[in-house]
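The values are calculated or read from the model by the stated rules, or taken from the named source; none is laboratory data. Since the structure is predicted, the reported quantities are computational estimates derived from the model, not experimental observations. Methodologically, a virtual Cβ is constructed for each residue, glycine included, from the backbone with ideal geometry; neighbour enumeration extends over all protein chains shown. Note: areas computed on protein heavy atoms with side chains; ligands, DNA, RNA excluded. Shrake-Rupley method; radii C 1.70, N 1.55, O 1.52, S 1.80 Å.
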Amino acid sequence: MTHWKKLTNPNYLGAYSIENGQDIILTIDYIREETVTGTDGKKDNCVVCHFKENAKPMILNATNMKTITKLFKTPYIENWTGKQIQIGVEKIKAFGDVVDALRVRKYLPRITSQDIKCECCGGSIQAAGKMTVEETAQYTKDKYGQALCYACAMKRVQEVNNNATEQ
């Protein structure tokens, strides 16, 4: 089924972007204040979140910004870069009606946007420190020649240390 709003080709993510009630998981690239032109031609300054994935940006309202602040335990948007959020649709009361609205989930994503497998054990690579799953895989690939999960990377570190002490 095609939602009628998809035919208007809006520039921003909306509740209609979430198909079949499936949440989406996206990685924050950057957030900034931008002038946004509405469908009625009215211009407003809005906080807009851009994603690393090929997804439309999302206008963040206060509710979603408060949720992200709680998720990452910081109100500073620069610290949100590289973090993954899970976005879904909720029914809310607005404009005298009940409407669908995008909501950042109040929990960290339970699955990664990309299930990248460890080239050593075959397990899923998880985000490490301030790095996303993708950044962790690339870092270990650059350092050890293989995309590795945390456990396998630690084994590799141990092997390198043991080889260094034997020589």
Can you give me the Cα centroid spacing of the range 151-167 and the range 72-140 in angstrom?
32
Built amide H within the under 5 Å cut-off of ALA128, gap 5+
THR136
Springs between alpha-carbon pairs under 10 angstrom, Gaussian network model over the chain: which of CYS121, CYS149, CYS46 fluctuates most?
CYS121
Cleavage-rule hits, chymotrypsin sites (Phe, Trp or Tyr not before Pro), the range 73-157, DSSP coil, Cβ neighbours within 10 Å at most 14
TYR76, PHE95, TYR107
Which one, ALA15, ALA127, ALA94, has the greatest fluctuation when you compute a Gaussian network model over the chain with C-alpha springs under 10 angstrom?
ALA94
Rounded, prolate or oblate: which one fits the range 71-156, using the alpha carbon gyration tensor with axes a ≥ b ≥ c (rounded when a/c is under 1.5, else prolate when a/b beats b/c, else oblate)?
prolate
Relative contact order of the chain, pairs being alpha-carbon contacts under 8 Å that are 6 or more residues apart, as %:
17
Hey, what did the range 1-98 get for relative contact order, percent, Cα under 8 Å, at least 6 apart?
32
For ASN61, distant residues with modelled amide H under 5 Å away
none
Residue-normalised accessible area of the chain, given per residue in Å² at a 1.4 Å probe:
66
Accessible surface of the range 38-167, 1.4 Å probe, proportion on carbon and sulfur as whole %
52
Among [x] 16.1; [y] 22.4; [z] 18.3, only one was calculated for this model; which label is it, if the read-out is Kirkwood radius over Cα pairs in Å?
[z]
